[in-house]
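The structure appears right after this line, and notes come after that.
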Amino acid sequence: MAARTFDVIVVGAGSVGTPIALAVAESGLKVLVVDRCPSVGQGSNKRAIGGLRATHSDPAKIRLCLRSLEVFSTWEERYGDKIEWRRGGYSFVAYRPEEERTLKELLVAQKRYGLHIDWHDARSFLGILPDLNPEGLIGGTLSPDDGHASPLLAVHAMYARAKALGAAFLFNERVTAILTSSGRVSGVRTDKGEYAAPIVVNAAGPWGAEVAALAGIDVPVRPDSHEAAVTEAVERFLEPMVVDIRPVAGSANYYFYQHDTGQVIFCITPDPSIWGMDVRETSSFLPMAASRMVGLMPRLKNLRIRRTWRGLYPMTPDGFPIVGWARELQGCMLAVGMCGQGFMLGPGLGELVGRMIQGATTGADRETLAYLSPYREFRGQEKLK
Ligand SMILES: Cc1cc2nc3c(=O)[nH]c(=O)nc-3n(C[C@H](O)[C@H](O)[C@H](O)COP(=O)(O)OP(=O)(O)OC[C@H]3O[C@@H](n4cnc5c(N)ncnc54)[C@H](O)[C@@H]3O)c2cc1C
């Protein structure tokens with residue numbers, strides 16, 4: 001049936017599938033997005049705390065996120081939707097020579113790749129973050145062009161624009177098979193029907209390995225869970241996201257910022273990682289995160305926490321996403337393994353996937369794709385996971 005035939009089918013209407021659909025619709029192709037949830041952005045997307053940074057350690061993610069920042073920061077003026085974008089910046093603090101060394105080493109490559117980032121000694125850094133605990137502070141970096149936005153509002157705005165451009169979305173529908181014909185993709189089967197397309201993009205986030213397995217493809221994406229919390233809204237006292245990469249028993253790092261609407265939102269990276277799909281909150285997260293944060297910024301002790309939640313990072317062995325055409329099955333594209341950065345990568349990645357589908361990649365795109373190749377060796381470790 002013609003109504004069920006598309007140029008491209010995207011599995012997953014999340015942080016990445018939605019901007020991919022938007023880019024494909026913008027290029028004039030007929031795109032269908034299928035998601036098993038009842039509406040857009042209900043997987044990991046709505047669990048993200050909204051941080052948007054181009055401050056990474058490699059040219060691929062820096063390039064993609066610089067483009068994403070352009071999209072997020074201009075969205076309201078271009079399309080009118082409020083997505084709670086704020087250019088608050090990102091800061092990384094150093095209280096030990098180890099962190100000072102790491103941050104200063106990274107700075108060299110980050111500047112080379114075009115980031116507007118600088119090191120500040122303790123005095124200058126306290127001018128930016130006056131509430132930081134000054135005891136033992138060596139300094140830190142600030143990238144003023146980073147910021148934050150609401151993941152739900154942003155993905156909803158992209159969804160509305162994709163729909164206005166003709167993209168079709170089906171919710172409450174789970175993809176149960178990737179269909180093939182003569183050795184290449186021919187569509188998908190869901191629990192409600194079949195849809196035809198010569199290209200299927202797997203953007204299923206933490207379920208990316210499960211969906212890839214439907215096509216007989218093995219991708220090393222494993223969900224690991226992270227907890228987060230939000231406080232009551234208070235008057236503005238904090239601009240940049242504050243990231244503390246000192247490892248302490250139970251957490252590898254933590255980060256927090258004051259959202260555009262006044263709440264402080266925070267999150268830790270558990271150490272060791274907590275693998276699996278369990279998203280029930282724990283009783284250990286809040287005491288651990290709160291004591292680290294109050295130690296770093298004593299003023300935070302007056303804030304009341306409103307809610308905690310837990311969600312999944314779609315992790316890869318080296319901390320880099322997996323993006324590219326699958327060699328195992330022609331017409332099958334992988335856009336999975338976004339780790340803790342799917343929201344910030346979304347718009348840049350969406351446009352890149354759009355160019356791949358059009359056969360219009362640039363030299364810079366090909367360099368980016370080499371970093372993200374599904375067939376790389378997964379040996380290294382991303383430094384700012
Ligand atoms: C606590 C926490 C804080 C975070 N903070 C940030 C942050 O500040 N900045 C940032 O950039 N990232 C952050 N992240 C990470 C971010 O949430 C993820 O990287 C991102 O949401 C992944 O996007 P995705 O589109 O790959 O997956 P998702 O957004 O989960 O989308 C995948 C979609 O696929 C659908 N799906 C799966 N299987 C099927 C199927 N068989 N059929 C149909 N549909 C299917 C799911 O329902 C889901 O909607 C955070 C994550 C957590 C948990």
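The values are calculated or read from the model by the stated rules, or taken from the named source; none is laboratory data. On a predicted model such as this, the values are computed, not experimentally measured, just so you know. Backbone-built Cβ (ideal geometry, glycine too); neighbour counts: all protein chains shown. Note: areas computed on protein heavy atoms with side chains; ligands, DNA, RNA excluded. Shrake-Rupley method; radii C 1.70, N 1.55, O 1.52, S 1.80 Å.
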Set Ser73, Ser91: member being closer than 26 Å to Arg236 by Cβ, in a strand (DSSP E or B) and not aromatic (Phe, Trp, Tyr):
Ser91
Looking at Val242, Val230, Val185, Val201, which one is farther than 30 Å from Phe285 by Cα, aliphatic (A, V, I, L, M), in a strand (DSSP E or B) and within 14 Å of the ligand (Cβ to nearest atom)?
Val201
For region 115-129, which residues satisfy the criterion of being in contact with a helix residue (DSSP H, G or I) (Cβ under 9 Å, 6 or more places away or on another chain) and among the hydrophobic types (A, V, I, L, M, F, W, C)?
Leu115, Ile117, Trp119
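Let's see how each residue does on (1) within 16 Å of the ligand (Cβ to nearest atom); (2) in a helix (DSSP H, G or I); (3) of a type in the set (A, V, I, L, M):
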| site | (1), (2), (3) |
| --- | --- |
| Asn45 | yes, yes, no |
| Arg101 | no, yes, no |
| Leu106 | no, yes, yes |
| His120 | no, no, no |
Does any residue of region 64-74 turn out to be more than 14 Å from the chain's Cα centre (by Cα) and not hydroxyl-bearing (Ser, Thr, Tyr)?
yes
Any chance region 285-293 includes a residue that's surrounded by fewer than 19 Cβ atoms within 10 Å (Cβ to Cβ), part of a helix (DSSP H, G or I) and among the charged types (D, E, K, R)?
no
Test result for Leu345, within 15 Å of the ligand (Cβ to nearest atom), farther than 27 Å from Ser186 by Cα and in contact with a Pro (Cβ under 7 Å, 6 or more places away or on another chain):
yes
Give all pairs with beta carbons closer than 8 Å in which a residue from region 348-377 that is closer than 24 Å to Met158 by Cβ meets a residue that is open to solvent by 30 Å² or more (accessible area, probe 1.4 Å) and among the hydroxyl-bearing types (Ser, Thr, Tyr); count only pairs at least 6 apart in sequence or on separate chains.
Leu352/Thr361; Gly354/Ser27; Arg355/Thr361; Arg355/Thr362; Ile357/Ser27; Gln358/Ser27; Leu369/Thr361
Give the number of residues within region 117-152 that are farther than 18 Å from Tyr257 by Cβ, in contact (Cβ under 8 Å) with a residue 12 or more places away in the chain and not hydrophobic (A, V, I, L, M, F, W, C).
6
The lone exception for Met333 - which of (1) part of a strand (DSSP E or B); (2) open to solvent by 10 Å² or more (accessible area, probe 1.4 Å) it fails:
(2)
Of those in region 1-39 that are part of a loop (DSSP other than H, G, I, E, B) and polar (S, T, N, Q), the residue surrounded by the fewest Cβ atoms within 10 Å (Cβ to Cβ) is Ser39
Is there a residue being open to solvent by 20 Å² or more (accessible area, probe 1.4 Å), of a type outside the set (Ser, Thr, Tyr), assigned to a loop (DSSP other than H, G, I, E, B) and closer than 24 Å to His116 by Cβ anywhere in region 164-173?
no
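Residue-by-condition table, conditions (1) free of Cβ contacts under 8 Å to residues at least 12 places away in the same chain; (2) farther than 21 Å from Leu29 by Cα:
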| residue | (1), (2) |
| --- | --- |
| Asn172 | no, yes |
| Ser181 | yes, yes |
| Pro198 | no, no |
| Ala212 | no, yes |
Within the set of pairs 6+ apart or on separate chains, which have a first residue in region 256-269 that is in contact (Cβ under 8 Å) with a residue 60 or more places away in the chain, a second that is among the acidic types (Asp, Glu), and C-beta atoms under 8 Å apart?
Gln258/Glu239; His259/Glu84; Asp260/Glu84; Thr261/Glu84; Cys267/Glu227
I'm trying to understand the selection: among the residues of region 320-330, which are in contact with a Lys or Arg (Cβ under 9 Å, 6 or more places away or on another chain) and open to solvent by less than 10 Å² (accessible area, probe 1.4 Å)?
Pro321, Ile322
In region 316-337, what count of residues is obtained for those that are touching a Cys at 6+ places or on another chain (Cβ under 8 Å) and either among the charged types (D, E, K, R) or over 21 Å from Lys61 (Cβ atoms) (or both)?
1
With the requirement that a residue be touching a strand residue (DSSP E or B) at 6+ places or on another chain (Cβ under 9 Å), open to solvent by 60 Å² or more (accessible area, probe 1.4 Å) and either in a loop (DSSP other than H, G, I, E, B) or charged (D, E, K, R) (or both), what does region 122-142 give you?
Arg123
